[in-house]
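What follows is one structure encoded as structure tokens, with my remarks underneath.
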Amino acid sequence: MGKKLKIAIIGSRGYPYVYSGYETLVKELSERLVNKGHKVRIYCHSSLFKKKPRNLNGIDLVYTPSIETKFLSQFINSFFSFLHVCFSNFDTVLVVNSANGTFGILTKVFQKKTFINVDGLEWLRPKWKGFGSLYFKLSSKLATLFFDEIITDSVEMSKIYLEKFNKKSNVIAYGPTMIKSEENLFLKQYKLKEKEYYLIVGRLIPDNNSGLIINGFINSKSSKKIVIVGDVPYNDYYSKKVKGLESERVIFTGYVKDQIKLSCLYQNSYAYIHGHEFGGTNPTMINALFLNCQILALNTKFNFEMLKNKKAIYFEKEINSISKKINELERNYLSLNKKNKNYKIPKIYDWNYISNKYEKLFLNN
């Protein structure tokens, strides 16, 4: 029997709350660590859970306060979670989100082994202007000082942390959440036909470029539809403006939390369009790769890294480029299908491989 750890996870919305990449990572990782015999505790945003079981699927759950606003929810929840874990007997702490870098001073004082998954370039995101941007940059820097190990989700992101903060990191990606299925009844709800629509999946925030992509699609020669899955949990000008583009050909579904229904939308799409600008390994792109969708992606080094073994078409961040590339995709669609016919998603995006890397990192520190 190998060494068994007591691992606390802080910084997500909780378990089994399905919302974004962090929650997916926490779910997939924690369940596998429990199956390996480790004790796992997840700190949850109390306000998000009507039912509050203390244990679920062998995972201990602690509900700490939060104020569900765009700016304060995670900060407040993390503060109370860090205080709680510092006075516990848990010996290993995994933190997600670089915004929590400042709290590493607490676990350092209490001599807890700490690891942080810093995710993307939060300080560059348009939604964090002014003080928010400065805070994320400072917090990311402090994370490299206070935490025992930094985890980045792509090679390109690890290069940025090395260049900007002079800190080496452990590269561990995310995995897919899709379920391969022949079920396609969900399409009827939105009057969709197989291979007759493009798909965008992601939050309606400026740096995911949904509005730009929709306008590029409208200006293209395509006669297909475009489906946008996602929203934001708050009211803001950008998301309202994007949703104002809705029409018979531009369909907004809001959040689709059922993985079979979401898988159905991916599998039957003509192509997946990925406009995410910042961040390393993006979970929505992994899902498209897992189901071998044809992909039209924003020209970034992060997207190049993810698509290096797959034939894809890249567009620039401008409406005319998107329109031209959609037209190009439709002209060369059969050729693209043929080139990607035998594509298999790389092992680095397999959840068992990912959880083994996390476990090894925890045990070796």
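Coordinate-derived values only; no laboratory data. Just so we're clear, the structure is a prediction, and the values are computed from it rather than from any experiment. When we count neighbours, we look across all protein chains shown, and the Cβ atoms used for this are built from the backbone with ideal geometry, even at glycine.
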Exercise. Determine the sum of side-chain charges near THR300: Lys and Arg each +1, Asp and Glu each -1, restricted to other residues whose C-beta is under 11 angstrom from that of THR300.
Key: -3
Quiz item: In debye, nearest 20: dipole of the chain around its Cα centre with unit charges on the Cβ of K, R (+) and D, E (-)?
Solution: 360
Quiz prompt | In Hz, Karplus ³J(HN,Hα) per residue of the stretch 169-178 (6.51, -1.76, 1.60; θ = phi - 60°; x = Gly, Pro) | solution = 9, 8, 8, 9, 7, 10, x, x, 10, 7
Quiz prompt | 5 angstrom amide H check on TYR314, placed H, neighbours 5+ away | solution = ALA297
Self-check item: the chain, helix-only ellipticity at 222 nm - DSSP H runs n ≥ 4, -39,500 (n - 2.57), divided by all residues, nearest 500
Solution: -11000 deg cm²/dmol
Quiz prompt | Gained length - TYR353 relative to LYS191, 0.36 nm times residue gap less alpha-carbon distance | solution = 54.5 nm
Quiz item: Put +1 on the Cβ of every Lys and Arg and -1 on every Asp and Glu Cβ in the chain; which of ASN215, ASN356, LEU145 then has its Cα farthest towards the positive end of the dipole?
Solution: ASN356
Practice problem: Between SER47 and LYS3, with labels modelled 7 Å along Cα→Cβ, what's the label distance in nm to one decimal, could you check? | Solution: 3.9
Quiz item: What is the distance in Å between the Cα centres of the stretch 143-166 and the stretch 79-97?
Solution: 21
Quiz item: So how far, in whole Å, is the C-alpha centre of the stretch 289-365 from the one of the stretch 1-65?
Solution: 29
Practice problem: Using only the alpha-carbon atoms of the chain, report the extent along each of the three principal axes, biggest first, to the nearest angstrom. | Solution: 61, 47, 43
